[in-house]
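Asks: The structure that follows is given in the form of C-alpha cells.
The values are calculated or read from the model by the stated rules, or taken from the named source; none is laboratory data. Not measured: the values here are computed from a predicted model. Glycine gets a Cβ as well: all are built from the backbone with ideal geometry, and neighbour counts include every protein chain shown.
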Amino acid sequence: MGIKLWEAVTGPSDRFPSCHCSVIVELDNGDLLVGYYAGEGEAKPDAAWVFARKSAGETGFGPLLSVADSNGKPEGNGIFFQDSDGKVVLIYNTMQGRLYGPHGPGVRWRTCDLRMKSSEDFGATWSDVTMIDPKWGHVPRCKPIRLKSGHLIFGTEYDDGYSRFWLSIDDGEHWQMTGPILGEKNQHPTLIEREDGSLLALLRPSGSQGFVLQSESQDGGHTWSDALVTDLPSPFAALDAVRLNDGRVVVAWNSNPEARNPLTLALSEDGGRSWASRRDLVTGEGSFHYPAVIQTEDGLLHVTFTNNRETIDHIVLSVDWILGEGSALPDWRGDGKRRLPDML
C-alpha cells in the first residue's frame, strides 16, 4: 500500500531543456505513454510535442519521441486517448501567431488551432495532421472521457475566457463543439460522469477567484450550468480528476491560492460534491504543477506533473494513500534530487 514509485520520465537534454503540461494514458497492451511539450520553453519556436513509453513489464521509460514539431511554430497542449479499435489519438494545438508581446489577441496561446494525429501501432508511427478547428482560440488540457453512451468528450480553454467542449459520436473521427460554461471565468475543464449520468466539470480559475470552479451538465455535455466557486483553494493553475472503478473521484491540484505548491490529492465519495479526504503529495521548494491522473487496470493511481519545468515526474500510489495509509513523501529539496529510493 502507499507510494510505489517516484521517477522522472526523462531528464533535461540539449534539445529539450524545458518541459510542461503532461498527459498520461494506459494502452490496452499494458504500455504507459506520457506526453508533453518540450523545448527551450513555453511558446518558444522550437517547442515540440513529445512522448515517452514505459512498456508493460519494464522498469523505466524509453527515450523521448517527437510526434509534432512545426518549423518555427510552437506546439502547445496535447491530450491522448485510445479509441475502441485500439488506435491511439493525439489532439493538440499549434501556435500560429506572434510569440512575443503583451498577452492578448494574436499572441501565443490566443493563436492556437486544434488538430489531431493518430497511430495504429501504439505510437510507433503517426498519421498526417487532421484539422479539428483551424480557427484560433482552443487549448485542450485534460484527457477525454468516454460516456456511458459511448460518446467521447473533452474540454478546451477558449479565447473568450469561457470553456468549451468537443463531443464525438463516432469514436473520435469527427467532433462537434458545445458549451460554453458561463458564470465565473474558467479554463481547462477536467471531466467525470456520475452514476446518474450527469457530468461534472472541475475548472481552473481564470481570474482572482482563488478556488477551483465547477459546472454540471444534465444532457451529455451539450449545455452547462454557470461556473461556481468550490471550497478547493487553487492558484491560477491546471488540475485533473479521474472517476475510479468503484465510483469514487480523485482530483489532483495545487491546494494553495498563492502558489503552485503543494501538489495535493483529494478523494470524493459523492461524485465530486464534497472532498472529505485530502493529502499533500509533493511538498518542498519549487513548483509542482499541471498534474494528470489516471487509474490503471491494476487499481493503482498514476500521477504525472511538471517539476519546476525541468522534468515531468511520475508517481504511482494506492488510492488508500489519500486516506492516510503509508508514509508521506519527503519534501522536494529543490536541488534536483529525489530523496526517495531509500524509502520505497
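Asks: For the stretch 96-180, please list each of the strands (runs of 3 or more DSSP E) lying entirely inside it that holds at least 2 residues being surrounded by fewer than 21 Cβ atoms within 10 Å (Cβ to Cβ).
Replies: Where strands (runs of 3 or more DSSP E) fall fully within the stretch 96-180 and carry at least 2 residues being surrounded by fewer than 21 Cβ atoms within 10 Å (Cβ to Cβ), they are 114-119, 130-133, 164-168, 176-178.
Asks: Could I ask something else about it? Among the residues of the stretch 1-34, how many are out of contact with any helix residue (DSSP H, G or I) (no Cβ under 8 Å at 6 or more places or on another chain) and either under 27 Å from Asp320 (Cα atoms) or basic (Lys, Arg) (or both)?
Replies: Total meeting the criteria: 21.
Asks: Check off (1) surrounded by fewer than 20 Cβ atoms within 10 Å (Cβ to Cβ); (2) in contact with a Phe, Trp or Tyr (Cβ under 8 Å, 6 or more places away or on another chain); (3) among the charged types (D, E, K, R) for Arg204 and give me the number that stays unchecked.
Replies: (1)
Asks: Output yes when any residue across the stretch 209-221 is over 19 Å from Ser255 (Cβ atoms), touching a residue at least 24 places away in the same chain (Cβ under 8 Å) and in a loop (DSSP other than H, G, I, E, B), and no when none is.
Replies: Filtering the stretch 209-221 down to residues over 19 Å from Ser255 (Cβ atoms) leaves 215-221.
In the following step, the residues that additionally are touching a residue at least 24 places away in the same chain (Cβ under 8 Å) were identified as 215, 220-221.
With in a loop (DSSP other than H, G, I, E, B) added as a condition, the list becomes 220-221.
Yes: one or more hits.
Asks: Taking the stretch 17-29 on its own, how many of its residues are in a loop (DSSP other than H, G, I, E, B) and within 20 Å of the chain's Cα centre (by Cα)?
Replies: Here is the first cut: in the stretch 17-29, the residues in a loop (DSSP other than H, G, I, E, B) are 17, 27-29.
Checking which are within 20 Å of the chain's Cα centre (by Cα) leaves us with 27-28.
Residues in the stretch 17-29 being in a loop (DSSP other than H, G, I, E, B) and within 20 Å of the chain's Cα centre (by Cα): 2 in total.
Asks: Hey, could you check the stretch 270-292 for residues that are small (Gly, Ala, Ser), surrounded by fewer than 22 Cβ atoms within 10 Å (Cβ to Cβ) and within 19 Å of Arg243 (Cα to Cα) and say which is modelled with the lowest pLDDT?
Replies: Ala276
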